Amino acid sequence: MVLNRTEWRGKEPRSCGVTSIKSEGYPANHKGSVKFNIEVAYRPKGFINYVGDTRYDGWTLTPLDQKNDGTLLDGKGQALTDGHSPVWLEYQLHRDVDFNEIDFGHFVSESEVEGVKQVAHDEVMREISGATRVSAGGSIGFTAPRRSRPETKIILSNQPSGTMHGPFGETVINICNSTPHLDHVLLKSLTGLMQDYLEGRAMVKSIETPDFVFVELSNSLVDCTPNEEGLDSWFDVLKMYTPITFLNELAQKLTAIYDIDISVVEGGKGGLLFRRTRKV
């Protein structure tokens, strides 16, 4: 993959890269010229995308600055002070090439790649009500589920962080409120929970139809801190403790790893909508 050094087709420098080169095959007599389809993607600075777990800002590799044990660093080798945002390092992996000096041949077409889709919670519930079959609990058929898929929740409290197992096999991941960089730890835990769910290791609240699975991720996070004052726990607090972009970023991460279509479900009881990718 190479990046352009100067403006190409009206795009700014270092914003375009070759992402695919496919041959249309050799002629029957092997004497004619071979045609290639070349795909060039436009990813300007500020366009965040993922390749697996690897984060890119445009074409710049941006890993999180942290030690092997997960301790966050400040970009200068020191531990990140609590309350400060994580630091993303920047590495340029690709050399500059002036695309204007390359003859790409005949221009075929240009299309815009759709980002993560947004859907209202009410719209999802209407689609569920019209489904021919509905089940709850999350049996999902993306992978072969494990025989043990404990229902898993993440809770916030003032107790020491740790994982507990209930009498019915359920799993509770407790995160202490005083944990350094609590927001970052919480995001990692929620992301890991969704990966465990998709790979058949955990069960979360969900509704399944023949066409899609709605995972009510807001149900997976509970603030149990009020219990210390004799009050009820706080439910559906996902939006209170995560950035407004969290679900969108989570969907990007998951689609970079798994071959499924994901939409963000908006609303107080929001989450993610999974549809199996239909092969053409």
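Since every read-out is calculated from the coordinates, none of them should be taken as a lab result. All of these numbers come straight from a predicted model, not from anything done at the bench. Cβ atoms come from the backbone with ideal geometry, glycine included; neighbour counts cover every protein chain shown.
Annotations for the structure displayed:
- Neighbour-count order for His84, His181, His94, fewest beta carbons within 10 angstrom listed first: His84, His94, His181
- As a proxy for reagent exposure, ranking Phe212, Phe168 by other Cβ atoms within 10 Å from fewest up yields Phe168, Phe212.
- Dipole of the chain computed with +1 at Lys/Arg Cβ and -1 at Asp/Glu Cβ about the Cα centre; of Asn37, Ala79, Ile260, farthest Cα towards the positive end is Asn37.
- Qualifying lysines (Cα of each under 25 Å from Cα of Lys253; at least 8 residues distant if same chain): Lys45, Lys67, Lys117, Lys153, Lys188, Lys205, Lys239, Lys269, Lys279
- Among Thr171, Thr71, Thr255, Thr132, a tally of other beta-carbon atoms within 10 Å of each Cβ gives an order, fewest to most, of Thr132, Thr71, Thr255, Thr171.
- Here the simple spin-label model places points 7 Å from the Cα toward Cβ, and for Thr54 and Glu123 these points are separated by 3.4 nm.
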